[in-house]
1. With closer than 30 Å to A:D298 by Cβ, surrounded by 15 or more Cβ atoms within 10 Å (Cβ to Cβ) and within 16 Å of DNA strand C (Cβ to nearest atom) as the only criterion, which of A:D475, A:D381, A:D398 stands out?
2. Residues to consider are A:D18, A:D13; find the one that is within 28 Å of the chain's Cα centre (by Cα), assigned to a loop (DSSP other than H, G, I, E, B) and on the phi > 0 side of the Ramachandran plot.
3. Within the range A:459-481, how many residues are over 19 Å from A:G419 (Cα atoms), away from DNA strand B (no atom under 14 Å from the Cβ) and outside any helix (DSSP H, G or I)?
4. Residues that are closer than 19 Å to A:G344 by Cβ, at least 1 per element: which helices (runs of 4 or more DSSP H) completely within the range A:192-260 meet that?
5. Can you tell me which residue is nearest to A:P209 (Cα to Cα) among those in the range A:39-63 that are in contact with a strand residue (DSSP E or B) (Cβ under 9 Å, 6 or more places away or on another chain) and surrounded by fewer than 21 Cβ atoms within 10 Å (Cβ to Cβ)?
6. From A:A183, A:A205, which residue is surrounded by 15 or more Cβ atoms within 10 Å (Cβ to Cβ) and among the small types (G, A, S)?
7. Would you pick out the residues in the range A:129-151 that are closer than 26 Å to A:D18 by Cβ and more than 6 Å from DNA strand C (Cβ to nearest atom)?
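The values are calculated or read from the model by the stated rules, or taken from the named source; none is laboratory data. Fair warning: this is a prediction, and the values are worked out from it, not measured in the lab. Reconstructed Cβ throughout: ideal geometry from the backbone, glycine too, with neighbour counts over all protein chains shown.
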Amino acid sequence: MNSSPSIVWFRNDLRIADNPALTAAIARGAGVLGLFILDTSAERRGPGEASLWWRRESMTGLADALDRLGVPLLILRGDPAALLPDLAARLGAGAVFWNRRYGGAERHLDSMLKSALRAEGRIVETFNASLLREPWDVRSQAGTPMKVFTPYWRASLALGPFAAPLPVPAPAEMRLVPPAHEAMISAADILTIATTPDWSGGLAAAWQPGEAAARDLLGAFIDGGLRGYAALRDRPDRDHTSRLSPYLAAGDISPRQILHALRFAAAVDDIPPDDVAKFEAEVGWREFSYHLLFNNPDLHRTNFQPKFDGFVWRGDAAHLRLWQRGQTGYPLVDAGMRQLWQTGFMHNRVRMVVASFLIKHLQIDWRAGEAWFWDTLVDADPASNPASWQWVAGSGADAAPYYRIFNPMLQGEKFDPAGDYVRQFVPELAGLAAEHIHTPWRAPASVLARAGVRLGETYPKPIVDHDAARARAMDAYRALT
DNA sequence: TTTTGAGTTGTTCGA
DNA sequence: GTCGAACAACTCAAA
């Protein structure tokens with residue numbers, strides 16, 4: 001029987017089910033302290049505002065769930081490099097457990113802490129809680145990291161069944177009295193909304209963060225949108241995506257839990273195999289992104305393909321601002337950017353269109369778009385976000401060919417054929433019929449008048465001409481090769 | 001070592 | 001309206 005307590009350091013794993021660090025701590029048999037640190041060090045990239053909002057909301061449910069397991073949750077603000085060894089010493093902790101992270105700066109801190117704590121005689125154990133495979137477990141036959149998705153995913157599947165998720169652990173044998181600490185904050189202090197107006201109302205209306213909500217949403221998706229996923233996942237006007245990404249980002253749910261439930265349902269409920277495989281491949285893209293991040297630790301700053309280092313971006317600050325506000329004059333782009341601002345989320349198809357527009361039509365550095373998404377997405381992910389932006393830019397792994405330049409009008413007509421998505425997020429165009437809603441500047445004056453649209457007043461004219469912007473992007477990219 | 005097949009998501013042009 | 005070709009070769013992964 002161990003008498004010295006254990007610490008579980010929570011990061012992007014805000015759940016009690018399928019949490020190997022928590023399970024190991026409780027299994028050790030002494031008192032367990034849950035710890036969350038709001039990391040203030042500039043050495044690591046802090047979460048964006050929308051992510052902080054999500055974590056703040058998730059934290060309440062986590063604290064309650066841990067309390068039922070006899071595990072108090074302590075929230076500190078500061079630098080983990082100092083706080084964690086300090087807390088372990090004060091508590092006389094015999095062991096520290098956490099689940100791994102994969103970004104360069106985070107790995108650097110974690111391995112430093114592991115050495116330091118072990119040097120003090122404490123047990124330190126780390127686990128994989130957020131991936132189906134460790135990034136280093138998938139390799140080409142030559143032993144090199146994979147750079148193309150399809151062989152990567154095939155190789156990962158070929159390694160055998162994914163691990164089954166862990167159940168919720170039984171309560172700890174003894175309840176620890178949490179220590180007082182001068183760096184302690186409350187969950188509410190993780191994000192205090194200072195901006196006016198308070199944008200978080202839109203987030204609260206759109207989302208219910210937390211482990212319980214994630215479980216419910218997964219069930220609802222399997223019973224609902226999953227059927228037809230392969231064909232309809234590209235339609236922003238339909239409800240055929242899982243919307244689980246923010247839960248994955250905070251660790252309210254794990255990919256093991258998702259695949260486990262998915263395969264069980266597929267076997268029992270006779271769901272078309274193509275829908276299941278397509279959805280699993282999307283989880284696979286998340287895995288691939290972590291594989292890329294692990295092998296390219298500075299993925300959000302450094303071009304995966306170095307030849308892009310010489311690319312000249314125009315970097316027009318006024319255009320960037322119009323893009324951020326959803327005022328480009330291209331309805332699908334503006335709808336997506338406003339969905340992002342209002343709800344902290346954007347449909348995947350529309351993400352590609354707005355990213356392509358920023359990079360190719362406006363010739364603005366992909367890092368500016370990545371940073372905006374990082375700050376405003378509730379699902380902002382250190383691997384998926386930079387990997388996907390680099391994919392669109394063409395600088396990434398398995399990237400889009402340079403001549404793939406999305407036409408925002410055509411994309412709107414294909415994937416939002418009735419215009420319902422645009423109508424929802426660009427209400428000033430709601431009076432336009434489907435045939436004009438993606439190209440209001442081509443509509444007859446009488447049609448615009450009837451719909452109450454005054455171009456340049458109630459809704460902007462296009463800030464760039466599509467044909468000219470496309471030609472310019474082609475020239476710039478051709479010059480790179 | 002060399003060869004070969006394949007590679008998330010598109011658009012435009014001209015027949 | 002529909003269809004194939006061009007866009008541009010290049011890199012990756014496996015045989």
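1. The unique qualifying residue is A:D398.
2. A:D18
3. 1
4. A:200-206, A:211-223, A:245-250
5. Selected residue: A:L52.
6. Of A:A183, A:A205, the one residue that is surrounded by 15 or more Cβ atoms within 10 Å (Cβ to Cβ) and among the small types (G, A, S) is A:A183.
7. Listed by number, the residues that qualify are A:A129, A:S130, A:L131, A:L132, A:R133, A:E134, A:P135, A:W136, A:D137, A:V138, A:R139, A:F149.
Quick grid of which residues meet (1) under 26 Å from A:A317 (Cβ atoms); (2) within 16 Å of DNA strand C (Cβ to nearest atom); (3) crowded, with 21+ Cβ neighbours inside 10 Å:
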site	(1), (2), (3)
A:N348	no, no, no
A:V353	yes, no, yes
A:L358	yes, no, yes
A:T376	yes, no, yes
A:W389	yes, no, yes
A:V392	yes, yes, yes
A:P408	yes, no, yes
A:R423	no, no, no
